[in-house]
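Throughout, read-outs are computed from the coordinates displayed, never taken from laboratory work. Please read all numbers here as calculations on a predicted model, not as lab measurements. Cβ sites come from the backbone with ideal geometry, for glycine too, and all protein chains shown count toward neighbours.
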Amino acid sequence: MGKMRRKIYSIILILAIMTINLLVLVNSDNEISLNCKSALLMEASSGTIIYEMNSHEKLEPASVTKIMTMLLTMEALQSGRITLEDKVIISNKASKMTGTCLLLEEGEVRTVNDLLLGIAVESANDASVAIAEHIAGSEEEFVKMMNNKAKELGMSDTVFMNCHGLHDEGHVTSAHDIGIMSRELLKHEKIFDYISIYMTKVTVGKKNNVVRELANKNKMVRFYDDVDGIKTGYTEKAMYCISVTAKRNNMRLISVIMGAPSTGSRNNDARKLLDYGFANFSTYSIGKKGDIIKTIKVSKGNKDKINVILDNDINVLVKKGEEKQIERKLILPDKLSAPIFKGDKLGEIEVLKDGEKIQSISLIAQEDVAKATFLNNIYKAIRYWIDN
């Protein structure tokens, strides 16, 4: 009886050890070993978060701050508020900036294009202040714009105190919020003309022009396949930070690392996240913005039918091999009545995975359809008579 009991205990012990080993194996497959304070991996087109670690911890971002500075610059360019050829007179405040700078002199004149190169490639603090003053009149007003934009984007962990990222008490954000503003910046295709550059030249100086060679602070642009941006940062308190993006097989990822102990460690962690994302996930395209999804009949209008189009791209992030689990469901009326205006929401597409809704995108009118006039009705009657 004692021997039997010992055998049972032995079997239970062996099973327990096997279970523990299995759990460790499973956990090791799901974990990514990182040496930083916080991290995030995001798929850019959908904003889906693939991986996060302490992603809402409020930390100093150092020069990663300049992602917001570049975003507001791109928005000002897009709206026509400024142009790349605008001439900017460098202020005393900009010329006295410390840290990484273009060494701009008070009174010298640089174009917005020059300053944007300085921010994106050199991470220049003086260029950041100069462009902030050009857009908003002062850095203080520009910082208000930064915080307003952060609020608009839902960056609830963020408070900006300056436009460059040097230490300023209360100037904080999170890996989660950096992912959000990085994604927003990348919607401006023109920014890749700047953030993807590895080497460039800029002329500076008020009297004696000096040609400065700039090398991108984001070395991953050169040394990691498919990386084409975005921004690094370092201060003693923030430590080493980065938001980096790469595109492969039509999928763009954003990798954010905050509070790494060294440049090498930061880049290595960012690479790990990108490798993990590209190895395990893919994007499944349901449709592109402007695609005609269906044509619907229209009554009482000057046209008999209208094209219903996608309001935005639909890209769904899936684990590789799970594409067949994705389906779409159209929610549209069979018939519409005039008047209809271009851009009116007429319905939506629901994206389903295993029968559960994971996303929905509006379907809109491609053009106006006015109410039919008396002449329209006569024309329709004649056409009907001829056709029949």
Which lysines, if any, have their Cα less than 16 Å from the Cα of K353, not counting same-chain residues under 8 positions apart? K319, K320, K324, K329
For a bin width of 10 Å, list the pair-distance distribution of the stretch 212-320 built from all Cα-Cα distances, rounded to whole %. 13, 30, 22, 15, 10, 7, 2
Which is the longest run of the chain containing none of the chymotrypsin sites (Phe, Trp or Tyr not before Pro) found in DSSP loop states (not H, G, I, E, B) with at most 15 other C-beta atoms within 10 Å? 1-197
So if we plug the beta-carbon distance of S360 and E105 into 1/(1 + (r/R0)^6) with R0 = 51 Å, what FRET efficiency do we get, rounded to 0.05? 0.40
Between E350 and K207, what length comes free when the chain is fully extended (0.36 nm per residue of separation minus the Cα-Cα distance, one decimal in nm)? 45.3 nm
Debye, to nearest 20: dipole size of the chain, +1 on Lys, Arg Cβ, -1 on Asp, Glu Cβ: 1240
Work out how much length K219 to D313 would gain on full extension: take 0.36 nm times their residue separation and subtract the Cα-Cα distance, in nm to one decimal. 30.7 nm
Select from the chain the helices, each a whole stretch of DSSP H, whose alpha-carbon atoms run 27 Å or more along the helix axis and whose Kyte-Doolittle mean is at least -1.0; answer none if there are none. 2-30
If you filter the stretch 61-141 for trypsin sites (Lys or Arg not before Pro), then keep DSSP loop positions with at most 14 other Cβ within 10 Å, what is left? R81, K96
Spatially proximal aspartates and glutamates relative to K237 (Cα-Cα < 13 Å; intrachain offsets below 8 disregarded): E60, D168, E169
Run the reach check for K247 against aspartates and glutamates, Cα to Cα strictly under 19 Å, same-chain hits fewer than 8 apart removed. What comes back? E43, E184, E189, D193, D225, D226, D228, D269, D275, D313
Förster radius 25 Å - calculated FRET efficiency between N147 and Y276, Cβ distance, rounded to 0.05: 0.15
Please list, in order along the stretch 98-115, the HN-Hα scalar couplings obtained from phi with the Karplus expression 6.51 cos²θ - 1.76 cosθ + 1.60 (θ = phi - 60°), rounded to whole Hz, x for Gly and Pro. 9, x, 5, 9, 7, 6, 6, 9, 4, x, 6, 10, 10, 7, 4, 4, 4, 5
Taking every pair of alpha-carbon atoms in the stretch 132-177, what share in percent sits in each 5 Å bin, from 0 to the bin with the longest distance? 5, 24, 29, 26, 13, 3
Inter-label distance, nm, simple model (7 Å from Cα along the C-beta direction), K305/D193: 4.1
Cα-Cα pairs of the stretch 288-387 separated by more than 19 Å (percent): 52
Percent of Cα-Cα pairs per 5 Å bin, from 0 to the last occupied bin, for the stretch 38-282, please list those. 1, 7, 15, 20, 21, 17, 11, 6, 2, 1, 0, 0
Tally Lys and Arg at +1 and Asp and Glu at -1 over the other residues with C-beta under 14 Å from the C-beta of S91: what net charge comes out? -3
Counting other Cβ atoms within 10 Å, which GluC sites (Glu not before Pro) in the stretch 72-124 have at most 13 and lie in a DSSP loop? E85, E106
Relative contact order, percent, of the chain when contacts are C-alpha pairs under 8 Å separated by at least 6 residues? 15
